[in-house]
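Notes follow once the structure below has been shown.
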Amino acid sequence: MLAMARSCSVVGLDGALIEVEVDVSNGLTAFLIVGLPDAAVNEARERVRSAIKNSGYMFPMKRLVVNLAPADLRKEGPSFDLPIAISILYANGQIDPVNGHGDLSPYLFLGELSLDGTVRHTNGILPMVALAREKNIQAVFVPAVDAKEAALVENITVYPVEKLAQVIAHLNGQKLIEPYAYDISLLRQANDVEYAQDMAAVRGQEHVKRALEVAASGGHNILLSGPPGSGKTLLARSAPSILPRMTTEEALDVTRIYSVSGMLPSDMPLVLQRPFRSPHHTVSHAGLVGGGRLPRPGEISLAHRGVLFLDELPEFGQNVLEVLRQPLEDKVVTISRAQGTITYPANFMLIAAMNPCPCGFFSDPIKECVCSPTAIARYQKRMSGPLLDRIDIHVEVPRVDYEKLSEKRSVESSAVIRARVQEARERQLRRFAGSSFTCNAEMGPAEVRAFCEHDEAAERLIKAAMQQLHLSARAYHRVLKLARTIADLAGSDIISATHIAEAIQYRPKIGR
């Protein structure tokens with residue numbers, strides 16, 4: 001007898017519908033799985049056999065052929081265990097299509113099986129359930145631990161499953177599973193997000209805090225340069241605490257990435273806090289941008305809608321840094337392999353930190369630099385001009401005086417700064433209503449021309465800066481976008497000369 005159940009696979013960050021066909025026939029006892037299965041799918045034979053027996057049902061001692069269609073798509077992971085088991089039992093007559101709910105076509109089945117029939121956690125639940133809704137599938141059976149994540153997708157029935165026997169009893173009409181319902185608005189009401197660092201812990205460096213506030217308001221990239229111990233790392237790690245809260249669409253985008261990567265916390269199905277990723281400088285090319293034999297999201301995609309912090313920027317391999325150029329510009333990264341091409345989102349805010357020279361004390365007013373001019377030039381050339389040109393804000397972080405460190409007066413907290421950043425970001429969301437843009441840094445040349453309106457004094461100032469600093473066309477647009485953010489923080493609709501002046505001072509000292 002032939003039976004078919006629907007399941008799903010993940011390709012990149014999107015689901016792909018898979019039909020699990022099972023044919024049970026007389027002949028020599030065999031259990032074959034075809035349709036480009038990987039090792040984990042092939043091992044499903046033993047898991048499914050034991051799960052069916054230990055759930056109190058009979059495993060057919062006949063010739064079983066399982067086909068995962070379409071056959072030209074590589075199938076990976078253990079999520080096909082449950083649909084394979086259900087299809088075998090249906091084909092063997094142990095699921096009653098007449099008296100129960102045995103018609104399998106309205107359902108999608110997802111889950112790995114333990115040997116005792118327990119249904120385990122599966123990665124990528126969110127994009128797979130979203131695909132089921134697009135394909136007009138009525139209901140999905142998912143592991144009970146993943147039910148909250150599946151319920152983030154609206155207008156589809158979610159059945160939480162703990163045991164294989166529960167699914168069989170439901171399909172036979174013996175004991176129905178209660179659908180899982182979860183209100184996503186309850187998650188959005190959670191405002192008690194805790195941050196590891198707070199700006200109140202940073203003494204002094206007011207101009208750097210201002211630069212970080214501007215960067216957070218418009219989603220701009222920033223480079224911190226200064227001697228060791230000046231607070232660059234602490235400032236960067238405090239940056240997430242001043243970022244605006246994510247919109248529901250942004251939260252779902254980030255959650256999909258973490259779901260596919262298997263990094264979604266079990267107690268929190270929706271990522272509410274903006275990501276902060278800080279890879280070590282020994283990270284590989286594939287680890288940073290994604291890839292591998294079976295492509296997976298890299299650090300820049302895990303930092304989507306959040307912060308990517310690169311500490312000790314010159315220590316990263318030059319080839320590794322150069323691959324950031326395209327994602328910084330396009331906000332996506334495309335990975336091409338023999339099996340196909342996958343595009344991951346990479347809309348992140350880059351915070352980089354570096355010392356000005358190998359010893360770290362070049363231009364320090366107190367401690368003398370011991371590096372030769374040749375060593376300093378070689379060190380600074382590890383970052384290419386095109387990469388630095390894509391960083392909007394360059395700011396020096398000097399050493400902090402004793403008086404600043406020991407003063408008793410209160411320092412502005414992250415909550416106060418975040419309120420100003422949130423107000424500026426909401427102005428941008430209203431400005432870009434109806435488009436895919438969420439912040440000023442995402443604007444292209446056409447949007448810069450439309451939204452970066454400035455007065456005559458600002459026009460004269462930026463013209464002089466272009467001539468004297470030899471700014472590139474890209475730098476010109478980035479100065480205007482940065483000035484637009486500064487004006488938003490000031491509550492101004494028109495960019496003035498003071499906004500342009502502050503934006504220009506964030507450019508590197510050499511003309512780029």
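The values are calculated or read from the model by the stated rules, or taken from the named source; none is laboratory data. Keep in mind it's a predicted model, so treat the numbers as computed, not measured. We place every Cβ from the backbone using ideal geometry, glycine too, and count neighbours over all the protein chains shown.
If you go through the range 294-333, how many residues are at pLDDT 90 or above, surrounded by fewer than 22 Cβ atoms within 10 Å (Cβ to Cβ) and of a type in the set (S, T, N, Q)?
Total satisfying the criteria: 1.
Conditions tested, residue by residue: (1) acidic (D, E); (2) farther than 28 Å from S241 by Cα.
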residue	(1), (2)
V411	no, no
A415	no, no
A419	no, no
E423	yes, no
R431	no, no
T438	no, no
A458	no, yes
L461	no, yes
Q467	no, yes
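Listed here are the residues, each with its yes/no results for (1) β-branched (V, I, T); (2) surrounded by fewer than 16 Cβ atoms within 10 Å (Cβ to Cβ); (3) without any contact (Cβ under 8 Å) to a residue 24 or more places away in the chain; (4) farther than 30 Å from V254 by Cβ.
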| residue | (1), (2), (3), (4) |
| --- | --- |
| G12 | no, no, no, no |
| S25 | no, yes, no, yes |
| A40 | no, no, no, no |
| L104 | no, no, no, yes |
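With the condition kept exactly as written, say whether any residue in the range 395-415 is modelled with pLDDT under 90, in contact with a helix residue (DSSP H, G or I) (Cβ under 6 Å, 6 or more places away or on another chain) and closer than 30 Å to S492 by Cβ.
Looking for residues that are modelled with pLDDT under 90, in contact with a helix residue (DSSP H, G or I) (Cβ under 6 Å, 6 or more places away or on another chain) and closer than 30 Å to S492 by Cβ, one finds at least one in the range 395-415, hence yes.
Given the structure, is R420 modelled with pLDDT of 95 or more, of a type outside the set (S, T, N, Q) and closer than 20 Å to H207 by Cβ?
yes
Residues to consider are P358, P386, P345; find the one that is assigned by TED's automatic domain parsing to the domain that holds T247 and in contact with a Cys (Cβ under 7 Å, 6 or more places away or on another chain).
Numbers: P386 fails: in contact with a Cys (Cβ under 7 Å, 6 or more places away or on another chain); P345 fails: in contact with a Cys (Cβ under 7 Å, 6 or more places away or on another chain).
None of the other options fit; the residue is P358.
Mind listing just one residue for me: the one in the range 469-512 that is part of a helix (DSSP H, G or I) and of a type in the set (S, T, N, Q) and, of those, nearest to V448 (Cα to Cα)?
Ranking the candidates gives T485 first.
Tell me the residue from L328, L388, L405 that is outside any strand (DSSP E or B) and touching a His at 6+ places or on another chain (Cβ under 8 Å), please.
L388
What is the number of the single condition among (1) out of contact with any Lys or Arg (no Cβ under 7 Å at 6 or more places or on another chain); (2) surrounded by 13 or more Cβ atoms within 10 Å (Cβ to Cβ) that D392 does not meet?
(1)
Please enumerate the residues belonging to the range 296-355 that are closer than 21 Å to T247 by Cβ and among the small types (G, A, S).
Correct list: S301, A303, G306, A346.
Mind listing just one residue for me: the one in the range 269-294 that is touching a helix residue (DSSP H, G or I) at 6+ places or on another chain (Cβ under 8 Å) and not in a loop (DSSP other than H, G, I, E, B) and, of those, nearest to P240 (Cα to Cα)?
In this case the residue turns out to be F276.
Do we find that V208 is within 29 Å of K367 (Cα to Cα) and crowded, with 18+ Cβ neighbours inside 10 Å in this structure?
Yes, satisfied.
Across the range 141-185, which residue is surrounded by the most Cβ atoms within 10 Å (Cβ to Cβ) among those that are without any contact (Cβ under 8 Å) to a residue 40 or more places away in the chain and assigned to a strand (DSSP E or B)?
V142
So, of the residues in the range 467-493 that are polar (S, T, N, Q) and more than 27 Å from the chain's Cα centre (by Cα), which turns out to be modelled with the highest pLDDT?
Going through the qualifying residues, I end up with S492.
So, in the range 15-55, of the ones that are more than 39 Å from the chain's Cα centre (by Cα) and in a loop (DSSP other than H, G, I, E, B), which residue ends up modelled with the lowest pLDDT?
Among those residues, the one meeting the criterion is G27.
Checking the structure you have, find out if any residue of the range 455-467 is of a type in the set (G, A, S), in a helix (DSSP H, G or I) and closer than 25 Å to M354 by Cβ.
yes
Suppose we filter V411, V397, V448 for residues that are assigned by TED's automatic domain parsing to the domain that holds L480, within 33 Å of the chain's Cα centre (by Cα), within 19 Å of V214 (Cβ to Cβ) and of a type in the set (V, I, T); which single one remains?
V448
How about the range 243-270: which of its residues are under 15 Å from V193 (Cβ atoms) and of a type outside the set (S, T, N, Q)?
Correct list: L243, P244, R245, M246, E250, A251, V254, P265, D267, M268, L270.
Is it true that some residue in the range 226-242 is closer than 23 Å to T438 by Cβ, touching a residue at least 60 places away in the same chain (Cβ under 8 Å) and either outside any helix (DSSP H, G or I) or among the charged types (D, E, K, R) (or both)?
no
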